[in-house]
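Novice: One structure coming up, written as structure tokens, with questions to follow.
Laboratory data are not the source of any read-out in this text; all were calculated from the coordinates shown. Keep in mind it's a predicted model, so treat the numbers as computed, not measured. Cβ: placed from backbone, ideal geometry, glycine included. Neighbour counts: every protein chain shown.
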Amino acid sequence: MTDAPRHPLLLDLHGRRVVVVGGGPVAARRTVRLVEDGADVHVVAPALCEDLAELVTGGAVRWHAREYLATDLDGAWLVHTATGVSQVDDAVASDAEAARLWCVRADDAGASSAWTPAVARASDVTVAVGAGGDPRRAARLRSALALLLDTGELPLRRQRPAATGTVTLVGGGPGDPGLITTRGRRALAEADVVVVDRLAPRALLSQLDADVEVIEAGKSPHAHTLTQTQINEVLVERARAGLRVVRLKGGDPFVLGRGGEEVQACLEAGVPVEVVPGVTSAIAVPGAAGIPVTHRGVSRQVTILSAHDRAPDWATLARLDGTLVLLMGVAQLAGHARSLVEHGRDPSTPVAVVERGTLPDQRTTVGTLANIAEQALARGVGNPAVVVVGDVAALADVLGPGPRTH
């Protein structure tokens, strides 16, 4: 029967009795999946392997500690047999056939009346793979499909309207589109609307379906496409219309990204919201320049500062040990360096300014608090850039790739 046509079908096993005959590792693998699918699993076996015993101890399955009986199939919706003893598996399959139950045999796919495909899942998408009774082949195909699902390479967008829309805040990472998480890529592939920041990995927008709505919400100093209030309103409005909305940000949504305000706005409006963390530029951009923000014997703490708006407490910051990372601080670099020195920081403290971190034209300028403003001005340093203050900045000369100047 291995060459006969097979009818693929997805089953809702939640709360339904499924019998697994056998107590070894193969039976355990089948049982784990059945438990994940919500089945009421009954295992029939004189003894159990360790994995199955843990499931029994945890209350996930019921164990009938004896040899198989035909009455074990009473009330079952599905049967798996994996004893490794042909006579027993034959008996289970025969009893299942007489009771008009689907039976999956682990020992002989050709003698089965049902087969379990290899399954790849992503969000609410399930892909089942059968490969002509060749489970290893099916598993390899499943793994390849799972990777494409995870990375958003397959068309994941719903084609039917959803009853309830959602908002997902996605941290796009420090710039290089390859540094977004696979979960973030998948969210983009599922999106109907993308509300995008100026410093988000915008190269990913070209991979969206043509009918995905892209809304510019970029901010630069003193120039906002949308105010924060307007952004919050857009997220809520589109989600209430039943759309999947992705708020694509640079770095991480919760590191100086106002993600908390957007989550709060969604929750207050009763809109389901999720946060997909991203790689923050405060850590990744120095790292891309060879600057570890902590380093044994040099720095064991790091302070991250939004340096483009109101004056911070420079007296406190100047006294802190470790590394100081300034985001959005290039325009006021001279004043920041001067303030740190005036409040007691050594003028010879190393400083590095990393422009366009992780992108092909990344550039690092290295100096000290005493001269970094002059160095940056001479070189025409501009945003986006991350400023690193502290002894670790000197490691850019030792560990850092890419062009730099002093």
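Novice: Show log10 I(q)/I(0) for region 56-131 at q = 0.12, 0.18, 0.20, 0.22 Å⁻¹, two decimals, from a solvent-free Debye sum over equal Cα scatterers.
Specialist: These q points yield log10 I(q)/I(0) values of -0.42, -0.85, -0.96, -1.05.
Novice: Let me ask something else about it. Mind putting a number on the dipole of region 22-84 about its Cα centre? Charges go on the C-beta only, +1 for Lys and Arg and -1 for Asp and Glu, and I need it in Debye to the nearest 20. If you can, show how the numbers build up before the last one.
Specialist: On the way: 5 positive and 9 negative charges, 19 e Å.
It comes to approximately 100 debye.
Novice: A further question on this structure: Give me the Debye-computed log₁₀ of I(q)/I(0) at q = 0.20 Å⁻¹ for region 195-332, equal point scatterers on Cα only, no solvent, two decimals.
Specialist: Cα-only, vacuum Debye calculation for region 195-332: -1.27.
Novice: Hey, can you grab everything whose amide H is under 5 Å from the amide H of W63? Only 5+ residues off in sequence or another chain; H modelled, so Pro and N-termini drop out.
Specialist: When sequence neighbours closer than 5 places are left aside, the close amide H contacts are V43.
Novice: In addition: Placing +1 at every Lys and Arg Cβ and -1 at every Asp and Glu Cβ, with all other atoms neutral, what dipole size does region 162-279 have around its Cα centre, in debye to the nearest 20? List each step's numbers first, then the result.
Specialist: On the way: 12 positive and 15 negative charges, 49 e Å.
Around 240 debye, computed over region 162-279.
Novice: Which three semi-axes in whole Å describe the equivalent ellipsoid of region 1-156, each the square root of 5 times a Cα gyration tensor eigenvalue, listed largest first? Kindly include the intermediate steps, with their values, before the conclusion.
Specialist: Numbers: eigenvalues 142, 70, 39 Å².
Square roots of five times the eigenvalues give 27, 19, 14 Å.
Novice: Once you have the Cα-Cα distance between S348 and D209, take 0.36 nm times their residue separation minus that, and quote the gain in nm to one decimal.
Specialist: Details: separation 139, 0.36 × 139 = 50.04 nm, distance 5.21 nm.
Answer, rounded to one decimal: 44.8 nm.
Novice: Can you tell me the relative contact order of the chain? Whole percent, Cα pairs under 8 Å, sequence separation 6 or more.
Specialist: 10 percent
Novice: Considering only V273, A334, Y68, whose Cα is most displaced toward the positive end of the charge dipole of the chain, charges sitting on Cβ of Lys, Arg (+1) and Asp, Glu (-1)?
Specialist: It is A334.
Novice: Take every Cα pair under 8 Å in region 166-279 that's 6+ residues apart, average their separations, divide by the length, and report that relative contact order as a whole percent.
Specialist: Details: 230 pairs, mean separation 49.3, N = 114.
Rounded, it is 43 percent for region 166-279.
Novice: May I pose another question? About its Cα centre, how strong a charge dipole does the chain have in debye, to the nearest 20, once Lys and Arg get +1 and Asp and Glu get -1 at the Cβ? Don't skip to the answer; put the middle values down first.
Specialist: Values: 40 positive and 46 negative charges, 157 e Å.
I would put it at about 760 debye.
Novice: Ok, one more. Give the long-range amide H neighbours of R244: residues separated by 5 or more places, or on another chain, with amide H under 5 Å away, using H modelled in the peptide plane at 1.01 Å from N.
Specialist: T166, D192, V193
Novice: Do the sum for the chain: with -39,500 (n - 2.57) for every DSSP H run of n ≥ 4, divided by all residues, what is the mean residue ellipticity at 222 nm, to the nearest 500 deg cm²/dmol?
Specialist: Values: 12 runs with 117 residues, N = 406.
Dividing the helical sum by the residues of the chain leaves -8500 deg cm²/dmol.
Novice: Can I ask one more? Which one, (1) 88, 52, 43; (2) 88, 50, 38; (3) 67, 62, 38, gives Cα extents along the principal axes in Å as derived from the coordinates shown?
Specialist: Here the calculated entry is (2).
Novice: Let me ask something additional. Once amide H atoms are built 1.01 Å from N in the peptide plane, which residues 5 or more positions from V302, or in another chain, come under 5 Å H to H?
Specialist: T323
Novice: Summarise the long-distance tail of P(r) for region 73-115 by giving the % of C-alpha pairs beyond 17 Å. Numbers along the way, then the final one.
Specialist: Details: 147 of 903 pairs.
It works out to 16 percent of all Cα pairs.
Novice: For the chain, give the share of DSSP beta bridges that are antiparallel, in percent and rounded to the nearest 5; count only bridges with both residues there. Intermediate values should be presented prior to the final figure.
Specialist: On the way: 24 of 66 bridges.
Bridges in the chain are about 35 percent antiparallel.
Novice: Now for a different question. Using a Gaussian network model of the chain with C-alpha springs under 10 Å, which one of A99, A284, A370 is most mobile by mean-square fluctuation?
Specialist: Maximum among the listed residues: A99.
Novice: How large is the translational diffusion coefficient of region 314-368 in µm² per second when you combine the Kirkwood radius over alpha carbon pairs with Stokes-Einstein at 20 °C and 1.002 mPa s?
Specialist: For the chosen part, D equals 175 µm²/s.
Novice: Still on this model: Percent of alpha carbon pairs in region 12-98 separated by more than 15 Å?
Specialist: That fraction is 51 percent.
Novice: Based only on Cα atoms, what Rg/Rh ratio does region 145-204 have, Rh being taken as Kirkwood's radius? Don't skip to the end; give the middle numbers.
Specialist: Values: Rg = 12.0 Å, Rh = 12.3 Å.
My calculation of the ratio gives 0.97.
Novice: Of N383, A28, V302, which is farthest towards the positive pole of the chain's charge dipole, taken about the Cα centre with +1 and -1 on the beta-carbons of Lys, Arg and Asp, Glu respectively?
Specialist: Going by the charge dipole, the pick is N383.
Novice: OK, next. Just to check, using Stokes-Einstein with a Kirkwood Rh over alpha carbon pairs, what's the diffusion coefficient of region 282-405 at 25 °C and 0.890 mPa s in µm²/s?
Specialist: Values: Rh = 13.9 Å.
Answer, rounded: 176 µm²/s.
Novice: Report the relative contact order of region 276-406, percent, no decimals, based on alpha-carbon pairs under 8 angstrom and at least 6 residues apart. Mind showing how you got there, number by number?
Specialist: Numbers: 270 pairs, mean separation 41.9, N = 131.
RCO, region 276-406: 32 percent.
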